[in-house]
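Novice: My structure is below; once you've seen it, I'll send some questions.
The values are calculated or read from the model by the stated rules, or taken from the named source; none is laboratory data. Since this is a predicted model, take the numbers as computed values, not measurements. Every residue, glycine as well, gets a Cβ built from its backbone with ideal geometry; the counts of neighbours run over all protein chains shown. All accessible areas refer to the heavy atoms of the entire protein, side chains included, with ligands and DNA or RNA removed. Shrake-Rupley method; radii C 1.70, N 1.55, O 1.52, S 1.80 Å.
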Amino acid sequence: MSEKEDLAKQKAEAAARAKAVALARKQAKTEAAEKPEGDMDIAKQKAAAAAKAKAAALAKKQAKEAAEKPEGDMDIAKQKAAAAAKAKAAALAKKQAKEAAEKPEGDMDIAKQKAAAAAKAKAAAAAKAKAAAAAKNRTAAQESEEADTPSEISPNQSKLDQIVSAIESHVGQGALLENYINRLSKDVPTLVANPDTYFSIAKFLRYDEQLDFSYLSELHGTDFESHMEIYVHLHSFKMNLSVALKVKLDRDTPVIPSLVPLWSGANWPECEAYDLLGINFYEHPDLKRILLGEDWKGYPLRKDYEPYDVEV
């Protein structure tokens, strides 16, 4: 006899005993109400003996049935349940396979495109909020800078006036949109050129005998969300002076003449600005991406740049 059959037998015997005891108590209580006190003990003894005999007979019967029961009945029931579960799982898998076979091929791509579009929309909203916060901070910084600007005249103011006067005389009135002393950058004279006169002003600074800005020390671009800007830093050994020439460009189509014909040192900086910001320098001898591959999507230094593969 197996361990499971022994356990079942014990449970059946316990149930039978509990039932017999309950019946005996009930009969004893009934007889106690009707019989004299002396008869109650005898009745209890008889009831207990009857209950024990009944429980023993029931236990013997259940043991006999368990001994006659085939050993594999419980295993057969388990096997049937397992077989039914497997059949159900197989039917479900077959149904799903059929639905997948009938599903249009582009459904998964559409789902990916929707996820990518949602990610892009979220990134665009974040970029917009960031741009608004940055613009607010710049306005506050500019106001603070104007409040903190010292009233004394910069030692480079006279040189800036000289350069502005020479440009307006040779290039024309209105060639410069603005000029000022940059207090935050060692009082560097700063010239803001009109895009149409940018190259003419640069050429004048390069070849004028009195100015002779023969050395280009730096050129870089910046994205201000509303527009692009090119900064060119020039130095004149004759004047012992550095100036900054800058120009504002349309952000959607940032195009400006190349300065390579004037300063060969502008070659790689212009390629870098093209590579990372998408600024196009026409008449550049070999404008190309120098940090990223030619098949790279987008320009990483733009404030609204989003990776082409959003899952990476």
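Yes/no per residue for (1) over 30 Å from Ala115 (Cα atoms); (2) in contact with a Leu (Cβ under 7 Å, 6 or more places away or on another chain); (3) part of a loop (DSSP other than H, G, I, E, B); (4) of a type in the set (S, T, N, Q):
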{"site": "Asn267", "(1), (2), (3), (4)": "yes, no, no, yes"}
{"site": "Glu270", "(1), (2), (3), (4)": "yes, yes, no, no"}
{"site": "Asp275", "(1), (2), (3), (4)": "no, yes, no, no"}
{"site": "Leu287", "(1), (2), (3), (4)": "yes, no, yes, no"}
{"site": "Ile290", "(1), (2), (3), (4)": "yes, no, yes, no"}
{"site": "Gly293", "(1), (2), (3), (4)": "no, no, yes, no"}
{"site": "Trp296", "(1), (2), (3), (4)": "no, no, yes, no"}
{"site": "Pro300", "(1), (2), (3), (4)": "no, yes, yes, no"}
{"site": "Lys303", "(1), (2), (3), (4)": "no, no, yes, no"}
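Novice: Another question about this same structure. Identify, please: which residue in the stretch 131-156 is among the hydroxyl-bearing types (Ser, Thr, Tyr) and modelled with pLDDT under 70 and is, among those, nearest to the chain's Cα centre (by Cα)?
Specialist: That would be Thr139.
Novice: Report every pair of residues separated by at least 6 positions or lying on different chains whose Cβ atoms are under 8 Å apart, first residue within the stretch 260-288 and acidic (Asp, Glu), second assigned to a strand (DSSP E or B).
Specialist: Glu270/Leu219; Glu270/Phe281; Glu272/His220; Glu283/Pro257
Novice: Shifting gears a bit: Could you please give the count of residues in the stretch 234-251 that are touching a residue at least 24 places away in the same chain (Cβ under 8 Å) and within 27 Å of Gly278 (Cα to Cα)?
Specialist: Looking only at that region, the number is 9.
Novice: May I pose another question? Picking from Lys159, Lys120, Lys114, Lys128, which residue would you name as being modelled with pLDDT of 70 or more, among the basic types (Lys, Arg), loosely packed, with under 11 Cβ neighbours inside 10 Å and outside any strand (DSSP E or B)?
Specialist: The match here is Lys114.
Novice: What is the residue count in the stretch 173-202 for residues that are under 24 Å from Asp250 (Cα atoms) and open to solvent by 20 Å² or more (accessible area, probe 1.4 Å)?
Specialist: So the count comes out to 14.
Novice: Further question: Collect the residues in the stretch 230-255 that are open to solvent by 50 Å² or more (accessible area, probe 1.4 Å) and over 30 Å from Arg302 (Cβ atoms), keeping them in residue-number order.
Specialist: Once the filter is applied, which keeps residues that are open to solvent by 50 Å² or more (accessible area, probe 1.4 Å) and over 30 Å from Arg302 (Cβ atoms), the stretch 230-255 yields Phe237, Lys238, Asn240.
Novice: Checking the structure you have, find out if any residue of the stretch 285-297 is touching a Cys at 6+ places or on another chain (Cβ under 7 Å) and among the charged types (D, E, K, R).
Specialist: Yes - at least one qualifying residue is present in the stretch 285-297.
Novice: A further question follows. Can you name the residue in the stretch 273-301 that is surrounded by 18 or more Cβ atoms within 10 Å (Cβ to Cβ) and under 32 Å from the mean Cα position of the chain (by Cα) and is also nearest to Ala126 (Cα to Cα) among such residues?
Specialist: Among them, the one singled out is Tyr299.
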